[in-house]
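S.K.: Take this structure first; my questions come after.
The values are calculated or read from the model by the stated rules, or taken from the named source; none is laboratory data. As the structure is a computational prediction, the values presented were derived from the model and not from experiment. Every residue, glycine as well, gets a Cβ built from its backbone with ideal geometry; the counts of neighbours run over all protein chains shown.
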Amino acid sequence: MNDKHKENICADLCKRILNSVADGVFTVDNDLKITFFNRSAEKITGIIEKNAIGKKCYEVFKTDICKSKCALKQSIETGSDMVTQRVNIINSKGIAIPISVSTSVLLDYDGIVVGGVQTFRDISTIETLRKEISKQYMFEDIISKNYKIQQILATLPDISESASTVLIEGPSGSGKELFAKAIHKLSKRKGEFIALNCAALPDTLLESELFGYKEGAFTGAKKDKPGRFALAEQGTIFLDEIGDISPALQLRLLRVLQEMEYEPLGGMVTVKADVRVVAATNKCLKDLVAEGLFRDDLFFRLNVIKIPLPPLCQHKEDIPLLVDHFILKFNKLKQKSIELVSPDVLNLLMKYDYPGNIRELENIIEYAFVLCHGWQIELHHLPLELLESMKEKTSENKESTPLASAEEHAIIDALNNFGGRRSPTAQFLGIEKSTLWRKMKKFGIKFPAKGMSNPE
């Protein structure tokens, strides 16, 4: 068997192998003319091999990078591989299809460049699946598959139909305004949704912002100005950070909620209000009432329907959904084609505790969009302070072994059994009281609980 015959057998075997793979594969010569086109390439593009062979690859694929940043051309010119770049191609029916491409240079037996090879994968099914999953857990603009949040979402249509005041409690960045907007949208009220952050303004300005003022009410009041209640007429007013308003303004707001009427600053005529009030706070208003910092009568007026929102660290199962949502959002805003985050990034994001909650996660993804110029967000695209904090946390948790975890739980169980008293707990565990104290400090165990006396 001569060398030529061996080469033909080898080439035929390669074609058989490449025709059996699920990814599209084609090769080109140095002039970018197609020399091989496998069956999966035919299936994805809708173009049969004989109509592709001999044509320039950009005549067949018509991708959004063909003329400017052709990955295959770059590989041939530089000798470097291009891995999983996301592009759109136009198939035989004129439909845009998202694909991920990888390219490499082709060398002959002497190491001379004779062309290039490109593999590509149709990712439209993946994109559709991701969008369908997002829709399944999307209510208005709220995305969650958490059981408790799903229970809240199930009640929103009924809440929206009523005119009752709603109080949304949750930490900053947990999405309180999104829930308020959803309530307004579902209510089908004719007026606008008007939002005001009560913590952002001093009392004097806040009062005029809420109720408006008449010409001459104070120096500089040269003409009438409607307040937020007037702007929200027949609609919804969202009062964010309601726990930060002063006692004097609490009294004025109480009257509005009781009588549904108010007077603009400098006005002599009482104005009737047809406004749905949705208030929100990152504090516990009940605790503020107990401390004498918030009027109990106003609290009861606001607390007709209460919606408690958990921090993101308590529904981390939503993080992948939220990440996908923010990627889609910033792709539209920044005209990019980022597909996803790497497994390492997702793993880190799932471990982080998010003191800034959902808003912080959104900021992290937006930051990554600035640095990422490929199709996938990697660890080095994330904010440095996030990476540093997770590095420190990993270092601190080096002792978090199964043995240490078992020891921690044994101490907690014993403290619970003895009402937080350290002496009998130490005796039960067979250790000195000072040793128990050191271990409690090590594991961050805090006893006695609030209100418990005599920890000994």
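S.K.: Modelled with pLDDT under 90 and touching a strand residue (DSSP E or B) at 6+ places or on another chain (Cβ under 7 Å): which single residue out of 403, 309, 322, 340 fits that description?
M.R.: Values: 403 fails: touching a strand residue (DSSP E or B) at 6+ places or on another chain (Cβ under 7 Å); 309 fails: modelled with pLDDT under 90; 322 fails: modelled with pLDDT under 90.
After ruling out the rest, the residue left standing is 340.
S.K.: Select, from 232, 200, the only residue that is of a type in the set (Gly, Ala, Ser) and surrounded by 20 or more Cβ atoms within 10 Å (Cβ to Cβ). Lay out the reasoning, then the answer.
M.R.: Values: 200 fails: surrounded by 20 or more Cβ atoms within 10 Å (Cβ to Cβ).
Residue meeting the stated conditions: 232.
S.K.: Follow-up. Scan the range 325-339 residue by residue and report those that are surrounded by 18 or more Cβ atoms within 10 Å (Cβ to Cβ) and closer than 15 Å to residue 372 by Cβ. Quick ask: steps written out before the conclusion?
M.R.: Applying the first criterion (surrounded by 18 or more Cβ atoms within 10 Å (Cβ to Cβ)) to the range 325-339 yields 325-327, 330, 338-339.
Result: 326, 327, 330, 338, 339.
S.K.: So, restricting to strands (runs of 3 or more DSSP E) that lie completely within the range 20-121, which ones have at least 2 residues that are aliphatic (A, V, I, L, M), outside the structural domain of residue 331 (by TED's automatic domain parsing) and in contact with a strand residue (DSSP E or B) (Cβ under 9 Å, 6 or more places away or on another chain)? Steps first, answer last, please.
M.R.: Details: elements: 24-28, 34-37, 82-90, 96-107.
The qualifying strands (runs of 3 or more DSSP E) are 24-28, 82-90, 96-107.
S.K.: In this structure, does residue 214 turn out to be farther than 18 Å from residue 184 by Cα and within 34 Å of the chain's Cα centre (by Cα)? Talk me through it step by step, then tell me what you get.
M.R.: Details: farther than 18 Å from residue 184 by Cα: yes; within 34 Å of the chain's Cα centre (by Cα): no.
Considered against the rule, which asks whether it is farther than 18 Å from residue 184 by Cα and within 34 Å of the chain's Cα centre (by Cα), residue 214 comes out as no.
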